[in-house]
Amino acid sequence: MNTEKITHLLRRMNLGSTIMMLFLVAIWSTPTVGLLITSLRPSSLAEISPWWEALFNPLSTVWTLDAYQASLESGMLASLINTIAVTVPATVLPLMIAANAAYAFTFLKFRGKEFFFATLVALMVIPVQSSLIPVLRGMVWLQRTFDIQLTGTYVSAWLVHSAFAMPLAIYTLRNYMMTLPVSLIEAAKVDGASFYQIFWRLVLPMSAPAIASFAIFQFLWVWNDYLIAFIFVGEQKSVMTYQLLRLLGQYGQGWRDVAAGSFISLIIPLIVFFSLQRYIVRGLLAGSVKG
Amino acid sequence: MGDIIFGLVSIVIGIAASYGLYWLLNFLLSLLPKRIHEKASWLAFLTPAAVLVILVLIVPLFQTLIWSFKDDRVKEWVGFKNYVDLFTDKRFLGILLNNFLWVLVVPAITVAIGTAVATLSNQVGPTRERIFKSLIFMPMAISFVAAATIWSYFYAYVPPGRPEVGLLNAVVKLFGSDAQPWLTMDQGRLNSFLLMAVVVWLQVGYSMVVISAAIKAVPEETIEAAQLDGANAWQVFAGVILPQVWGTVMSVFVTVLILVMKVFDIVLSMTRGNFTTSVLAFEWYKQFFENSNIGPASAVVTVLVLLIGPLMYLQIRTVQQQESLR
């Protein structure tokens, strides 16, 4: 075989690109693999034997799920339930509210529409921290004055997550709704359908792809959020990020004990990620990413 | 068990109540005379969103602005004292420097690696491309807190004499140096850069996916034409592909920039802002939750909002451009 043929063959296999990609993927995966292996060994080993020893001698090492059991029993299971109870409504509610608003912005006529919409776009970049203290004090005031308990319950997290999701959710849903055929909606109106019926029977089902892709993002954000859960739900119904950070301790000295807990918190987002990756990519390309 | 049932019931009630709210609003409006009803029906769709945004975003934003001119317990007006205190405090200036470094380093590196990965993965065939991209994209699903634990193992430090369990230190030792307590080393802001690496790790997937889609949309003819003219792979990339995806690259850059301005969780979980790694959003957290100083905390976050302000302009301009293309 002459050199020209070899070069040609190499080019066809894209060996150079493949090797570089393999290298990058190895770097990208190593930290996660390290955590996974650590979590599958007895926690007493974390301090005396590096995880890559297990990788090189997989047969002579002890593999066990003890750390997972211990983690679930010491509060991670309760936190998992709290996280689900915070996340599911905090995904469904803002989408419902935003879809209604996006419908008004797309198909209904009213004064000040452009102004309201510009305000929403501007709010997309405002950091959440800028409104959290007044919201927290407002909730405490509600409790003192009217005896309505919001802090320390799921409801407060639902409300705050819903509000912060609003600008981006309305924006992306409106963009999608603008691509729907107006003639169909006009026809329904001629047939005597009310705006309410048009929304629920026509626009909402037709917007399903955009709603689904935003739902995935909102789910991941809320599931992975620490700050809002810490401020508004706190210890009473501690979510997994809260629990993990507590175990991790002031200077991260608890890292030896949190490997299994971290992986428990990752399982559901990773399942969502790998099974719905196509929709995630589609959503990203439609601009649904929180800055 | 009780917890699970309570959680389930909460979920069902929460969702049912919000559906009921819209039904009720529409019902109330339908009681009005038909002509007014037609004109006012937008209110039924918009009111819940508007109330939420006004009560949880807009009013509190102005409240924060006002409170930044008040004292720790928001009782007395103190004028610009909180701001003067901040900008005469060496520690706060260090925090601003940290934010500046984050903004300088993370978006640029994220976009550069994202572009590189997008270009490389475009050349390895569909199956390998899918697998490689998935693995690089995966950190997207990981929370900042979990990422912090993952990377704590990577940066782990044990005193000399004990077996090495941190991968970075193991590599350093391989090259003959001593193990270092990485996250406490603030010489040249080294530990801040190590925290930045974690955020780059989390964000490259996003930048890769968006830029990759733009590269795939580059017309094949333009690339072939350049190849016919004898351009090599690099010349094709720099002269043909890059100019055509530049708009996308910049929009990813701005998105990561805005995210990085607000960086918080990573600093909280890895160093608690110690060893001069603090940033604006963390300083806000510390002033409020550790010191209960509402006035100063509001001033810190106001500085953050003012710094993000110009980016708001960029955001609105991008939206306007998209609208005009419609």
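Annotations
- A simple spin-label model places the labels of A:LEU55 and B:GLN235 4.1 nm from each other, with each point 7 Å out along Cα-to-Cβ.
- Counting only whole DSSP H helices of chain B, the ones at least 24 Å long by C-alpha along their axis and with mean Kyte-Doolittle hydropathy no lower than -1.0 are B:2-30, B:34-53, B:90-121, B:190-216, B:242-261, B:294-325.
- Trypsin sites (Lys or Arg not before Pro) restricted to segment B:1-74 and DSSP loop, no more than 13 other C-beta within 10 Å: B:ARG73
- Tilt relative to chain A, helix A:15-39 - C-alpha long axis, 0 to 90 degrees, to 10: 90
- Hydrodynamic radius of the protein assembly as shown per Kirkwood, over alpha carbon pairs, in Å: 26.4
- On the principal axes of its alpha-carbon atoms, segment B:160-251 has extents of 62, 28, 23 Å, going from largest to smallest.
- Rg ratio (alpha-carbon, reference 2.2 N^0.38 Å) - chain A: 1.30
- Segment A:49-171: equivalent-ellipsoid semi-axes (sqrt of 5 x gyration tensor eigenvalues, Cα, Å): 43, 22, 14
- Helix-only CD estimate at 222 nm, as mean residue ellipticity for chain B, using -39500 (n - 2.57) per DSSP H run (n ≥ 4): -23500 deg cm²/dmol
- Base-10 log of normalised Debye intensity for chain B (one unit scatterer per alpha-carbon) at q = 0.12, 0.15 Å⁻¹: -1.13, -1.29
- With neighbours defined as other Cβ atoms within 10 Å of a residue's Cβ, the residues B:ARG130, B:ARG91 order from fewest to most as B:ARG91, B:ARG130.
- Sorted by Cβ density within 10 Å, fewest first, the residues A:ARG246, A:ARG201, A:ARG41: A:ARG201, A:ARG246, A:ARG41
- Using only the C-alpha atoms, the convex hull of segment B:1-67 corresponds to 111 Å³ per residue.
- Tilt relative to chain A, helix A:113-123 - C-alpha long axis, 0 to 90 degrees, to 10: 20
- Pairs spanning more than 30 Å between alpha-carbon atoms, out of B:LYS81/B:LYS286; B:LYS81/B:LYS262; B:LYS173/B:LYS262; A:LYS113/B:LYS34; B:LYS133/B:LYS173; B:LYS70/B:LYS262: B:LYS173/B:LYS262; B:LYS133/B:LYS173.
- Separation between Cα centres of segment B:133-173 and segment B:234-298, rounded to whole Å: 21
Read-outs: derived from the displayed coordinates by stated rules, not from any lab. These numbers come from a predicted model, not from an experiment. Ideal geometry is used to build each Cβ from the backbone, glycine not excepted, and the neighbour counts take in all protein chains shown.
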